[in-house]
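Dropping a structure here in structure tokens format, bear with me for questions.
Each value in this text was obtained by applying a stated rule to the coordinates, not by laboratory testing. Keep in mind it's a predicted model, so treat the numbers as computed, not measured. No Cβ is skipped: glycine too gets one built from the backbone with ideal geometry, and neighbour counts run over all protein chains shown.
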Amino acid sequence: MYAFTYERPPTAADAVKLAAGGGKVLAGGQTLLASMKLRLSDPGKLVDLAGIKDLSGVKKEGNALVIGAMTRHADVATNADVLSSIPALADLAAHIGDRQVRAMGTLGGSVANNDPSACYPTALLALGATIHTTQRKITAGDFFQGMFTTALKEDELITAVSFPIPKKAAYMKFKQPASRFALIGVFVAQTDSGVRVAVTGGGNGVFRHKGLEDALAKSFTPAAAAAVTVDASDLSSDIHASAAYRANLINVQTQRAVAKALG
């Protein structure tokens, strides 16, 4: 690990100033610290957001849950409001990584990192969430822009994410055994604007599947999902799974998610 200085600002405004001066923002550190240990990252200065109390917690606002960016996965998984309003989101958080990752990893850190196999981006995209930053509000559809790429500016921090409460929802993940990231993860949601299906682990980033959405809008059943052919041509193929295998997983995990959502 290269030498670095450490800052722990008390407010988001202070954090923005420090980051603008060349610092690297530290949320949960589950990706950044690992890359620093391998000397793949040399930030020079770390700006730790853990001391900013306003960035943590869950609150209900109308028909939505607003979750602070520094809320740990373990806290999302066990929060009473999340469990009662969007149990699928609590279930997703409860199965991220292992216990240590869930104790330290944060919602905002995961969303800002936008790993192509991360779980949270599917929840944001399927539920039609809104990302709150120090400058503006960004819809999930506009926020995720490809592998490790988002709409965030250099001087912009995520402060919270607002999740509309769906009618029904479920997340199913087929884990890559070593990393526990999603080989394929599918989040299915019945919302006021229709059925949304978001997929992670299949390519360069999270995406919605229109064919599955159209089929489930007509009939929200596992059988309707089973009848959809998932095109493998744009999916990833690597040592863990071929594109064809991932295409089959998308269909199977969607069926299972729908069955789970129906109870």
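In what sequence do E61, E213 fall when counting other Cβ within 10 Å, fewest first?
E61, E213
Assuming R0 = 45 Å, what is the FRET efficiency of Y6 and R208, from their Cβ-Cβ distance, to the nearest 0.05? Write out the running numbers ahead of the final one.
Numbers: r = 39 Å, r/R0 = 0.88.
Working from the Cβ atoms, E equals 0.70.
Further question on the same structure: Quickly work out the F148-to-A103 label distance, labels modelled 7 Å from Cα along the C-beta direction, and quote it in nm with one decimal.
Spacing of the two 7 Å Cα→Cβ label points: 2.8 nm.
Want the number for Q176 to N248: 0.36 nm per residue separation, take away the alpha-carbon distance, what's left?
Full extension of this stretch gives 24.4 nm more.
Ratio of Rg to Rh for the stretch 212-263, alpha carbon only, Kirkwood?
Radius of gyration relative to Kirkwood radius: 1.04.
Moving to a separate point now. Suppose the chain between T221 and A259 were pulled fully straight at 0.36 nm per residue; how much longer would it get relative to their current alpha carbon spacing? The partial results should precede the final answer.
Details: separation 38, 0.36 × 38 = 13.68 nm, distance 0.70 nm.
Full-extension gain reported as 13.0 nm.
How long are the semi-axes of the equivalent ellipsoid of the stretch 1-52, taking √(5λ) for every eigenvalue λ of the Cα gyration tensor, in whole Å from largest down?
In descending order the semi-axes read 19, 11, 8 Å.
Whole-Hz ³J(HN,Hα) for each residue in the stretch 235-250, computed from phi via Karplus 6.51 cos²θ - 1.76 cosθ + 1.60 with θ = phi - 60°, x for glycine and proline: what do you get?
These are the phi-based 3J(HN,Hα) values: 8, 6, 9, 8, 5, 8, 6, 7, 4, 5, 5, 5, 4, 5, 4, 4 Hz.
So which trypsin sites (Lys or Arg not before Pro) in the stretch 182-256 pass both tests, a DSSP loop state and at most 10 other Cβ atoms within 10 Å of the Cβ?
none
Restricting to Cα pairs below 8 Å that are 6+ residues apart, what does the relative contact order work out to for the chain? Please round to a whole percent.
In percent, rounded to a whole number, it is 15.
Let me ask you something else. Could you order the peptides 91-99, 185-193, 147-155, 62-70 from most to least packed, using the average number of other C-beta atoms within 10 Å per residue?
On the way: 91-99: 17.9, 185-193: 23.4, 147-155: 13.3, 62-70: 20.4.
My ranking of the peptides, most packed first, is 185-193, 62-70, 91-99, 147-155.
Most exposed first by the Cβ proxy, i.e. fewest other Cβ within 10 Å, how do R39, R102 rank?
On the way: R39 9, R102 21.
The order, fewest Cβ neighbours first, is R39, R102.
Next up: Cross-link list K17/K153; K168/K260; K17/K45; K60/K167; K60/K260; K175/K218: which exceed 18 angstrom alpha carbon to alpha carbon?
Result: K60/K260; K175/K218 exceed 18 Å.
Could you list Y171, Y245 so that the one with the fewest beta carbons within 10 Å of its beta carbon is first and the one with the most is last? Provide the component values of the computation, followed by the final result.
Working: Y171 30, Y245 16.
By the 10 Å Cβ count, ascending, the order reads Y245, Y171.
Let me ask something else about it. Using the crude model of +1 on Lys and Arg Cβ and -1 on Asp and Glu Cβ, and no other charge, please compute the dipole size for the chain relative to its Cα centre, in debye to 20. Display every interim value, and only then the final one.
Working: 27 positive and 21 negative charges, 94 e Å.
Taking the Cα centre of the chain as origin, the dipole is about 460 debye.
Another question, then. In whole Å, what are the Cα extents of the chain along the three principal axes, biggest one first?
For the chain, the Cα spread along each principal axis is 55, 45, 31 Å.
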